[in-house]
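Worksheet: one structure, shown below.
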Amino acid sequence: MSVRDIPNLICLFRILLVGPIVWCMLQQNFSTALFLVAIAGISDGVDGFLARHFHWQSRLGSILDPLADKLLLVAAFATLTYIQLLPLWLLLLIFGRDLLIVCGALAYHLKFGEYELSPLWSSKMNTVFQIALVLMVIVQQEWLPQAAAWSTTLVWLVVASVIISGSEYIVVWGASAWRQMKKN
């Protein structure tokens with residue numbers, strides 16, 4: 001264990017926060033859930049800063065960081081759907097996009113081998129909208145019950161960004177696969 005491992009340890013800490021966040025939401029303890037989500041968000045920024053600033057990037061970190069983000073978002077959306085604060089169709093749409101990306105990446109890997117996994121701009125926007133929606137729903141439960149219009153707007157921004165980013169992954173990965181097939 002060395003100082004270079006700090007970003008990865010922070011990612012593991014973020015993964016460990018998923019359980020308490022889900023528990024708090026299930027118990028309708030939205031204040032604590034919001035606090036823990038804020039800690040997760042801050043830790044995400046800190047580990048990214050440390051990795052880039054001190055050149056502590058690693059293959060493990062490139063896997064752990066998006067995994068921690070995805071686990072938190074999937075768990076939050078599933079929980080908010082379970083307690084009927086978000087619609088099931090939205091959860092299924094998000095799962096469908098994620099499944100499409102994972103299956104596409106796996107198929108690409110099996111057909112062509114090693115690849116560089118770098119998120120697309122539309123995917124980053126999708127993540128921002130998903131985080132904003134989770135935060136708005138949590139805040140709405142505790143402090144701003146009249147903010148339903150904001151949540152509805154964010155739902156449709158998530159829908160649009162899911163469709164755009166999912167489509168962009170199909171185009172980008174499809175074009176890359178096409179180029180690889182032409183080489184062979």
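The values are calculated or read from the model by the stated rules, or taken from the named source; none is laboratory data. None of the values given here were measured: they were computed from a predicted structure. Positions of Cβ are backbone-derived with ideal geometry, glycine not excepted, and every protein chain shown enters the neighbour counts.
Pick from Val128, Val134: which is outside the structural domain of Ala68 (by TED's automatic domain parsing) and surrounded by fewer than 17 Cβ atoms within 10 Å (Cβ to Cβ)?
Val128
Residues that are in contact (Cβ under 8 Å) with a residue 60 or more places away in the chain and touching a Pro at 6+ places or on another chain (Cβ under 9 Å): does the range 143-156 have at least one?
At the first step, the residues of the range 143-156 found to be in contact (Cβ under 8 Å) with a residue 60 or more places away in the chain are 155.
Remaining after also requiring touching a Pro at 6+ places or on another chain (Cβ under 9 Å): 155.
Within the range 143-156, one or more residues are in contact (Cβ under 8 Å) with a residue 60 or more places away in the chain and touching a Pro at 6+ places or on another chain (Cβ under 9 Å).
Answer with yes or no whether Gly166 is surrounded by 15 or more Cβ atoms within 10 Å (Cβ to Cβ), outside the structural domain of Ala78 (by TED's automatic domain parsing), of a type outside the set (Phe, Trp, Tyr) and in contact with a Gly (Cβ under 9 Å, 6 or more places away or on another chain).
yes
Specify the residue that is farthest from the chain's Cα centre (by Cα); the eligible residues are those in the range 44-68 that are outside any helix (DSSP H, G or I) and among the hydrophobic types (A, V, I, L, M, F, W, C).
Once the filter is applied, the top-ranked residue is Phe54.
Given the structure, is Phe77 at negative phi and surrounded by 12 or more Cβ atoms within 10 Å (Cβ to Cβ)?
Yes: the conditions hold for Phe77.
So, in the range 164-184, how many residues would count as being in contact (Cβ under 8 Å) with a residue 12 or more places away in the chain and under 19 Å from the mean Cα position of the chain (by Cα)?
Step one: list which residues in the range 164-184 are in contact (Cβ under 8 Å) with a residue 12 or more places away in the chain, which gives 164-166, 168-170, 172-173, 176-177, 180.
Filter once more, keeping what is under 19 Å from the mean Cα position of the chain (by Cα): 164-166, 168-170.
Total meeting the criteria: 6.
Give the residue, chosen from Leu71, Leu9, that is more than 19 Å from Val158 (Cβ to Cβ) and in a helix (DSSP H, G or I).
None of the other options fit; the residue is Leu9.
Quick one: would you say Val102 is among the aliphatic types (A, V, I, L, M), assigned by TED's automatic domain parsing to the domain that holds Val37 and either without any contact (Cβ under 8 Å) to a residue 40 or more places away in the chain or assigned to a helix (DSSP H, G or I) (or both)?
On the way: among the aliphatic types (A, V, I, L, M): yes; assigned by TED's automatic domain parsing to the domain that holds Val37: no; either without any contact (Cβ under 8 Å) to a residue 40 or more places away in the chain or assigned to a helix (DSSP H, G or I) (or both): yes.
No: the conditions fail for Val102.
Which of the residues spanning the range 32-51 are surrounded by 12 or more Cβ atoms within 10 Å (Cβ to Cβ) and not hydrophobic (A, V, I, L, M, F, W, C)?
Thr32, Gly41, Ser43, Asp44, Asp47, Gly48
Can you tell me which condition Gln28 does not meet? The list is (1) outside any helix (DSSP H, G or I); (2) polar (S, T, N, Q); (3) modelled with pLDDT under 90, and all the others hold.
It is condition (3) that Gln28 fails.
Looking only at the range 87-110, which residues are surrounded by fewer than 12 Cβ atoms within 10 Å (Cβ to Cβ), at pLDDT below 90 and either closer than 15 Å to Leu72 by Cβ or not aliphatic (A, V, I, L, M) (or both)?
The one that is surrounded by fewer than 12 Cβ atoms within 10 Å (Cβ to Cβ), at pLDDT below 90 and either closer than 15 Å to Leu72 by Cβ or not aliphatic (A, V, I, L, M) (or both): Cys103.
Val139 passes all but one of (1) aliphatic (A, V, I, L, M); (2) within 18 Å of the chain's Cα centre (by Cα); (3) surrounded by 15 or more Cβ atoms within 10 Å (Cβ to Cβ); which number fails?
If we test Val139 against (1) aliphatic (A, V, I, L, M); (2) within 18 Å of the chain's Cα centre (by Cα); (3) surrounded by 15 or more Cβ atoms within 10 Å (Cβ to Cβ), just (2) comes out false.
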